[in-house]
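Structure, as structure tokens:
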Amino acid sequence: MHFQTRSEKFSLTIFIFQEMLKDTVRTRTYQNVIYQNTFLFKNKVVLDVGAGTGILSLFCAKAGAKHVYAVECSHMADMAKEIVEANGFSNVITVLKGKVEEIMLPVAQVDVIISEWMGYFLLFENMLNTVLYARDKWLINDGIVLPDRASLYLTAIEDADYKEDKIEFWNNIYGFNMSCIKKQSMMEPLVDTVDQKQIVTNCQLLKTMDIPKMAPGDASFTAPFKLVAKRNDYIHALVAYFDVSFMKCHKLTGFSTGPRSRATHWKQTVLYLEDVLTICEGEAVVGSMMVVPNKKNPRDVDIMLKYSLNGQRCQLSKTQHYKMR
């Protein structure tokens with residue numbers, strides 16, 4: 001067994017932050033939100049939750065923020081301090097190394113909280129509860145949280161080739177049955193880029209989160225769905241993605257991680273079905289999705305999917321469980 005050294009872990013951290021910075025949909029949206037809406041930031045005290053390299057803090061400082069407190073718990077905080085100094089913003093940006101829940105802010109209140117808290121499937125390894133904690137502890141009454149809205153969507157796809165290659169593969173390995181691994185792989189949602197041509201049905205809104213008003217427990221939910229086929233096809237998987245909105249901007253701004261939008265590092269989350277659904281145009285897969293944090297590790301996500309199809313060529317009803325780890 002190989003254990004990662006501190007330097008290896010830090011190299012992995014650098015790779016992750018590099019991937020996020022290279023995600024131009026993500027980073028440019030935040031830059032545009034800040035630079036095109038300086039009235040939200042000018043002479044304001046800003047808290048950057050999960051600051052990473054400090055890129056959002058730098059944007060805010062350049063937009064005229066009175067002061068920015070950049071909180072980062074990883075070793076990247078040390079790099080962020082150097083980056084702030086190298087760019088001449090040490091008098092405006094204070095980098096605080098530690099967890100938001102444990103640090104002491106030098107001020108009693110902040111005017112703006114900004115964060116890139118979203119994880120895969122919106123909620124996997126996310127920092128939403130940390131943002132809500134900061135909101136409740138430090139944000140002034142009429143303060144702003146950015147982004148302020150996030151919505152999770154569901155659709156269905158045809159994906160025969162990939163499922164055959166990655167899932168059915170385990171049925172026969174050089175003449176041996178390894179289907180127990182297939183069962184395990186079915187329970188693990190796949191984060192990957194989906195071709196929009198694979199989409200068979202409409203896209204259904206599952207959950208909208210109003211970040212300034214929601215309670216921490218609101219991230220757990222059960223939502224119904226109805227996915228109506230737009231053509232005769234087969235359904236191998238359901239696909240989840242999310243949109244993010246900045247409602248306080250002068251002009252509504254945001255981005256989508258959906259298959260019809262420009263690719264982001266979040267990609268989409270694919271949940272493979274145990275059975276292939278043969279669906280005709282106009283028929284619907286109906287059901288519900290329950291999403292809850294894992295009890296042992298709240299940063300992990302447990303998903304229960306109930307679905308049924310009562311069609312001309314396929315009738316079934318199933319419940320499947322997925323674990324994002």
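For the pair Phe39 and Arg231, a Förster radius of 45 Å applied to the C-beta separation gives a FRET efficiency near 0.45, rounded to the nearest 0.05. Dividing the summed -39500 (n - 2.57) terms of all DSSP H runs of n ≥ 4 by the residue count of the chain sets its mean residue ellipticity at 222 nm at -7000 deg cm²/dmol. Going by alpha carbons, how many degrees (0 to 90, nearest 10) lie between the helix axis of 76-86 and the longest principal axis of the chain? With both axes taken from Cα atoms, the answer is about 50 degrees. Solvent-accessible surface of the chain, averaged per residue with a 1.4 angstrom probe and all protein chains in place: 51 square angstrom. Take each peptide in 243-252, 309-318, count the other Cβ atoms within 10 Å of every residue, and average; sorted highest first, the result is 243-252, 309-318. Taking the C-alpha atoms only, the angle from helix 128-138 to the longest principal axis of the chain is near 30 degrees.
Taking every DSSP beta bridge that has both ends in the chain, the antiparallel portion is near 75%. Just the protein heavy atoms count here, and of the accessible area of the chain at 1.4 Å, carbon and sulfur take up 51 percent. Measuring how big segment 150-324 is from its alpha-carbon positions, Rg and Dmax come out at 17.1, 63 Å. Projecting the Cα atoms of Gln109, Phe124, Ala223 onto the dipole axis of the chain, where Lys and Arg carry +1 and Asp and Glu carry -1 at the beta carbon, places Gln109 farthest toward the positive end.
Seen against the Cα atoms of the chain and their longest principal axis, helix 6-22 is set at about 80 degrees. Once the chain from Lys213 to Lys267 is taken as fully extended at 0.36 nm per residue, the excess over their C-alpha distance is 16.7 nm. Pairs from the table (Lys42/Lys295; Lys182/Lys226; Lys251/Lys323) lying more than 30 angstrom apart at Cα are Lys42/Lys295; Lys251/Lys323. Directionally averaged projected area (the chain, Cα convex hull): 18.9 nm².
Rounded to the nearest 20, the size of the Cβ-charge dipole of segment 43-182 about its Cα centre is 480 debye, with Lys and Arg at +1 and Asp and Glu at -1. Loop-located chymotrypsin sites (Phe, Trp or Tyr not before Pro) in segment 140-237 (DSSP state not H, G, I, E or B) with no more than 11 neighbouring Cβ atoms inside 10 Å: Tyr174. Going by Cα centres, segment 194-217 and segment 284-325 are how many Å apart? Comparing the Cα centres of segment 194-217 and segment 284-325, I get a distance of 15 Å. Projecting the Cα atoms of Met304, Phe89, Ala237 onto the charge dipole of the chain (Cβ charges, centred on the Cα centre) puts Phe89 farthest toward the positive pole.
The values are calculated or read from the model by the stated rules, or taken from the named source; none is laboratory data. These numbers come from a predicted model, not from an experiment. All Cβ positions, glycine included, derive from the backbone under ideal geometry; neighbour counts span all protein chains shown. Only protein heavy atoms, including side chains, enter the accessible area calculation; ligands, DNA and RNA are left aside. Shrake-Rupley method; radii C 1.70, N 1.55, O 1.52, S 1.80 Å.
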